[in-house]
1. Give me the pairs, please: first residue somewhere in region 141-165 and under 16 Å from S291 (Cβ atoms), second residue anywhere and aromatic (F, W, Y) and within 11 Å of the ligand (Cβ to nearest atom), beta-carbon distance under 6 Å, and either six or more positions apart or on two chains.
2. One residue is enough: does region 267-285 have a residue meeting the conditions over 17 Å from G91 (Cβ atoms), touching a Lys or Arg at 6+ places or on another chain (Cβ under 7 Å) and assigned to a loop (DSSP other than H, G, I, E, B)?
3. With the checklist (1) in contact with a strand residue (DSSP E or B) (Cβ under 8 Å, 6 or more places away or on another chain); (2) basic (K, R); (3) open to solvent by 50 Å² or more (accessible area, probe 1.4 Å) in hand, flag the one item K281 doesn't pass.
4. For the subset of region 186-200 comprising residues that are within 15 Å of the ligand (Cβ to nearest atom) and in a helix (DSSP H, G or I), which member is surrounded by the most Cβ atoms within 10 Å (Cβ to Cβ)?
5. Go through region 212-229 and give me each residue that's more than 13 Å from the ligand (Cβ to nearest atom) and either in contact with a helix residue (DSSP H, G or I) (Cβ under 9 Å, 6 or more places away or on another chain) or not in a loop (DSSP other than H, G, I, E, B) (or both).
6. Would you point out which residue out of E203, E209 is outside any helix (DSSP H, G or I), open to solvent by 50 Å² or more (accessible area, probe 1.4 Å), farther than 30 Å from G297 by Cβ and within 16 Å of the ligand (Cβ to nearest atom)?
7. Could you check region 42-141 for strands (runs of 3 or more DSSP E) lying wholly inside it with 3 or more residues that are closer than 15 Å to D260 by Cβ?
8. When region 155-179 is examined, which residues are found to be surrounded by fewer than 19 Cβ atoms within 10 Å (Cβ to Cβ) and not in a strand (DSSP E or B)?
Amino acid sequence: MKPRSSAAVAVLALALTATACSSGSDEAADKPVGGKSGVNEPSLPTYKVAEDVTIDSPTLKRAQEKGKLVIGAKSDQPGLGFEDKDGKRSGFDIEIAKMIAADLGFSPDQIQFKTVDTSAREAAISSGQVDLFVGTYTINDERKKLVGFAGPYYTAGADLLVRRDDGTIGGPFSLQGKTVCSVTGSTAIREIKKPDYNTTTVETAKYGECVEKLLAKQVDAVTTDDAILMGYAAQRPKDLKVVGSPFTEEPYGIGMAKNDKALREAVSDAIEKHDENGDHKKAYDATLGLSGSKYGGASMVDRY
Ligand code: GLU
């Protein structure tokens, strides 16, 4: 993995601050980020479906027999992995899933998306409930003991979402005496529980529940990846803002069965191909980019 440079972090912080300062309209509330709702929105790429794919991967063979690829995803992260009331999925992670599925020989209608919460990802992958998982999934050594990762395809950083009228929180060290919400099993809850921050934590299963608590003034902040938080801020710009001081690095990978090296290689090839041919940036601009986040380029794929 190519670590994000401090310059890139500074640029991201500036972009986040700019977003936090921009005012929005009520119309932005409760809308998914990305998709085809606006007039001048950038369009999503389409992905050519590969034919006659033969890879010595037990997962792929099983999926080919079923005629469908089951992909675990998030459903409540606007701009990344969002499912609307009609069951339509949108977001950058959904696009990453579609481009990889296409290279494995599966068209969008042969993908079965399955919502999997943060804390259930490793179990869903290792039990075979999902063939792949694409959803803000940080690659780390602890998780690599249980699952395999291809990527990274994007690098986020933990940040804080606060109420727009709250000027008292400038970063994780100003959370002393405050209450912060995050999701069980996330890297964010683990980080914020460190004694250095000396704060009170509340855990939920989904980030949307934390955001509800923030709006209801039951907690003072929500912590997780900036990319996720910016999606929520973009939905309710009058009520919420992202602080804009990322304090961790979160390289996103595609999760799969631990020992399926052939699949890992094929997915890594797909990430590189769609980065080089411009699909990665185009998909970003039409999804996460609409939350105000600046494109940082794809990270260098780390093969192991
Ligand atoms: N990227 C972090 C993680 O994998 C937080 C986001 C999430 O819960 O998916 O734990």
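The values are calculated or read from the model by the stated rules, or taken from the named source; none is laboratory data. Source: prediction; values computed, not measured. Here Cβ is always computed from backbone atoms with ideal geometry, including for glycine, and neighbour counts include all displayed protein chains. Keep in mind that these areas ignore ligands, DNA and RNA; they rest on the heavy atoms of the full protein, side chains included. Shrake-Rupley method; radii C 1.70, N 1.55, O 1.52, S 1.80 Å.
1. So the pair list comes out as Y154/Y252.
2. No.
3. Answer for K281: the failing condition is (1).
4. Among those that are within 15 Å of the ligand (Cβ to nearest atom) and in a helix (DSSP H, G or I), it is A188.
5. Filtering region 212-229 down to residues more than 13 Å from the ligand (Cβ to nearest atom) leaves 212-221.
Across region 212-229, the qualifying residues are E212, K213, L214, L215, Q218, V219, D220, A221.
6. Sole residue among the options that is outside any helix (DSSP H, G or I), open to solvent by 50 Å² or more (accessible area, probe 1.4 Å), farther than 30 Å from G297 by Cβ and within 16 Å of the ligand (Cβ to nearest atom): E203.
7. Qualifying strands (runs of 3 or more DSSP E): 69-73.
8. R164, D165, D166, G167, T168, G170, G171, F173, S174, Q176, G177, K178
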